[in-house]
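Shown next, in structure tokens, is the structure this report addresses.
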Amino acid sequence: MNKGVDIDPIQPLTGLLADIRACRLCAKQFEPRPVIQASKEARLLIIGQAPGLKVHQSGVPWDDVSGKRLREWLGIDEAIFYNPQHVAIVPSGFCYPGKGKHGDLPPPKICFATWHQQVLAALPEVKLTLLIGQYAQALYLPNATQRKLTDKVASFEQFSQLGIWPLPHPSPRNRHWLAANPWFEQTLLPKLKMAISELLFNKA
């Protein structure tokens, strides 16, 4: 348990979100600005990596080119995407961790250790979870950590039976991966869009 944070497993979601947005556990490493979106009614959960610089500046999750592509992949518009009653957005790390030698630094593990279990416990209606990128998949697919991202994404039919869809990151930097794996857009995305449409718009 991390010092300075009182863990309350039954804390209402509104109070939990306020605590997360006020979190300063990493203030010595970088400027904290936690970004999260959630509601107890959400049925779709998106777990990505950590906010980029643009999202850090705006405070709006996926408020960048990657977010635009992600919404295209899911077949939903901004009104649905940014409605917490439909979509919960819980990144692996809530704050922008800064730049490294090869892009943004990895999400701080302290976010997962301190907050994730509490947040997920407060989202009882989630039926479908997207694990976007290697960091989210390492956290939530521990038995698949030795498999390459491509292999995990290609096994989407196996994981989708568990309500989980591993996806690559929609960053423009992954354009070469998309070009090398045309099955992703030709086969996976139509099935994902159908699953999300049924989840959000054809509720039982």
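From (1) surrounded by fewer than 14 Cβ atoms within 10 Å (Cβ to Cβ); (2) under 25 Å from E41 (Cα atoms), pick out the condition that doesn't hold for V119.
The single condition V119 does not satisfy is (1).
For every residue, the table says whether it meets (1) of a type outside the set (A, V, I, L, M); (2) surrounded by fewer than 17 Cβ atoms within 10 Å (Cβ to Cβ); (3) outside any loop (DSSP other than H, G, I, E, B).
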{"position": "K40", "(1), (2), (3)": "yes, yes, no"}
{"position": "I46", "(1), (2), (3)": "no, no, yes"}
{"position": "A79", "(1), (2), (3)": "no, yes, yes"}
{"position": "F94", "(1), (2), (3)": "yes, no, no"}
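Taking the conditions exactly as written (touching a residue at least 40 places away in the same chain (Cβ under 8 Å) and within 20 Å of S197 (Cβ to Cβ)), does L70 satisfy them or not? Quick ask: steps written out before the conclusion?
Working: touching a residue at least 40 places away in the same chain (Cβ under 8 Å): yes; within 20 Å of S197 (Cβ to Cβ): yes.
Spelling it out, L70 is indeed touching a residue at least 40 places away in the same chain (Cβ under 8 Å) and within 20 Å of S197 (Cβ to Cβ).
Could you grab me the full set of residues in the stretch 13-29 that are over 21 Å from the mean Cα position of the chain (by Cα) and not charged (D, E, K, R)? Full working, then the answer.
Restricting attention to the stretch 13-29, the residues satisfying the condition of being over 21 Å from the mean Cα position of the chain (by Cα) are 27-29.
If the condition is that a residue be over 21 Å from the mean Cα position of the chain (by Cα) and not charged (D, E, K, R), then A27, Q29 are the ones that fit.
If you scan the stretch 156-193, which residues turn out to be outside any helix (DSSP H, G or I), in contact with a helix residue (DSSP H, G or I) (Cβ under 8 Å, 6 or more places away or on another chain) and small (G, A, S)? Write out each step before concluding.
Taking the stretch 156-193 first, the residues outside any helix (DSSP H, G or I) are 161-171, 181-182.
Checking the rest, the ones that are also in contact with a helix residue (DSSP H, G or I) (Cβ under 8 Å, 6 or more places away or on another chain) come to 164-171, 181.
S171, the sole residue that qualifies.
Okay, residues lined up against (1) aliphatic (A, V, I, L, M); (2) modelled with pLDDT of 95 or more; (3) open to solvent by less than 60 Å² (accessible area, probe 1.4 Å):
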residue	(1), (2), (3)
I76	yes, yes, yes
N83	no, yes, yes
P91	no, yes, yes
L105	yes, no, no
C111	no, yes, yes
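So which residues in the stretch 52-108 are in contact with a helix residue (DSSP H, G or I) (Cβ under 7 Å, 6 or more places away or on another chain) and among the basic types (K, R)?
R71
Among the numbered criteria (1) open to solvent by 30 Å² or more (accessible area, probe 1.4 Å); (2) among the hydroxyl-bearing types (S, T, Y); (3) under 15 Å from Y140 (Cα atoms), which single criterion is violated by S58?
(3)
Specify which of the listed residues (L130, L139) is open to solvent by 10 Å² or more (accessible area, probe 1.4 Å) and either touching a Leu at 6+ places or on another chain (Cβ under 7 Å) or under 28 Å from L16 (Cβ atoms) (or both).
Numbers: L130 fails: open to solvent by 10 Å² or more (accessible area, probe 1.4 Å).
Result: L139 is the single residue among L130, L139 that is open to solvent by 10 Å² or more (accessible area, probe 1.4 Å) and either touching a Leu at 6+ places or on another chain (Cβ under 7 Å) or under 28 Å from L16 (Cβ atoms) (or both).
What are the residues in the stretch 149-181 that are open to solvent by 60 Å² or more (accessible area, probe 1.4 Å) and either among the aliphatic types (A, V, I, L, M) or touching a Phe, Trp or Tyr at 6+ places or on another chain (Cβ under 6 Å) (or both), if any?
So in the stretch 149-181, the residues open to solvent by 60 Å² or more (accessible area, probe 1.4 Å) come out as 151, 157-158, 161-162, 173, 175-176, 179-180.
Selection gives L162, A179, A180.
The values are calculated or read from the model by the stated rules, or taken from the named source; none is laboratory data. Nothing here was measured: the structure is a model prediction, and the numbers come from that model. Neighbour counts are summed over all protein chains in view; Cβ atoms, including those assigned to glycine, are modelled from backbone coordinates with ideal geometry. Accessible surface areas use protein heavy atoms only, side chains included; no ligands, DNA or RNA. Shrake-Rupley method; radii C 1.70, N 1.55, O 1.52, S 1.80 Å.
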